[in-house]
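In what follows, a single structure is set out as structure tokens and then discussed.
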Amino acid sequence: KPFQRVVLTGAAGKLGSVLREPLRALSATLVLSDISELGSPLQAGEEFVVCDLADHGGVAQLVAGADLIVHFGGASQEQAFEPILQGNIIGQFNLYDNALNSGVKRVILASSNHVTGGYRADEVIDASQPMRPDGLYAVSKGYGELLARFYHDRHGLETVSLRIGTCIARPKSARCLHAWLSYGDLVELVRCAALAPSVGCAVVYGVSNNQQSWWRGDDAERIGYKPRDSADSYREELASLRPNDVAPPWQGGNIFMRDYRKPE
Ligand code: NAI
């Protein structure tokens, strides 16, 4: 197997659960971690460590000896600032600080398309354009990408930041025609990010092969990512299920319209 010890944070979450089996295939030992219990029993080759990302010492123990970290844990949507502060702002610092101390070579970071959610939905943007976050959750993801840049330029630690779109089993809204990422393509994206020989500090939008994608000019080709699925196949289904559904005017969707000071 290509890796000895891979750490997966957010292992109890929606996407962590999707990534578990494919990552097990790449690593002699897969260390699963979350603040919550796992939903299903441990398999051969897996270990489980309960860890709050805000706990610097706990994260140090978690990442010791890892050759790759797949970081999917933390606050995963807009919400009150405190969990964003603990899980993402403090959590991502703890992750990078300890990854550096442990000699980890590469991090695969779950960022979000919401770092550019403030662009208009009628624009197609290049990954090198400035971030325009659509809420404080998105700001925390942008901070993660900046940490990745800093630890790479200063210390040579590699990261592939994945600006994940809407990763669900099937497209369910007009916005998915732009932003959908299938589970199969997520797995392929993470596999490419793990196995590409040299990635430096890369940014890739986590999106399937949707004709109406909003995003261009990222490092997908450099890491060898070629999505196989497309939301286009669901266009008719969406039109008949939700005939009046139109994508909101911002790429981030309705999040940009909400009052971020009073998250639901
Ligand atoms: P999720 O909410 O299902 O999973 C996140 C996991 O992180 C949960 O199991 C939770 O217990 C854990 N967690 C939260 N705070 C923690 C803390 N302080 N310490 C340790 N663990 C903590 O989210 P999902 O959908 O699986 O997303 C995974 C990652 O991908 C997140 O970083 C999210 O921001 C990102 N993402 C997901 C998208 C999607 O379509 N599902 C879209 C864009 C980004």
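The values are calculated or read from the model by the stated rules, or taken from the named source; none is laboratory data. All values derive from a computational prediction rather than experimental measurement. Every residue, glycine as well, gets a Cβ built from its backbone with ideal geometry; the counts of neighbours run over all protein chains shown. Keep in mind that these areas ignore ligands, DNA and RNA; they rest on the heavy atoms of the full protein, side chains included. Shrake-Rupley method; radii C 1.70, N 1.55, O 1.52, S 1.80 Å.
Laid out as a table, the results:
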read-out	value
Helix 14-24 axis, angle to the chain major axis (alpha carbon atoms, nearest 10°)	50 degrees
Cα-Cα separations in the stretch 1-82 greater than 22 Å, expressed as whole percent	20 percent
If the convex hull is drawn through the Cα atoms of the stretch 39-139, its volume per residue in Å³	144 Å³
Carbon/sulfur fraction of accessible area - the chain, other protein chains in place, 1.4 Å, %	52 percent
Residue-normalised accessible area of the stretch 3-257, expressed per residue, 1.4 Å probe, Å²	43 Å²
Span from the the stretch 18-65 Cα centroid across to the the stretch 147-191 one, whole angstrom	20 Å
Rel. contact order, % - alpha carbon contacts under 8 angstrom, at least six apart, the stretch 46-96	47 percent
Where Cα atoms sit under 27 Å apart: lysine pairs in the chain separated by 8 or more or lying on different chains	15
For the chain, convex hull volume per residue from C-alpha positions, Å³	123 Å³
Local electrostatic count at residue 109 - Lys and Arg +1, Asp and Glu -1, tallied over other residues with Cβ under 15 Å	0
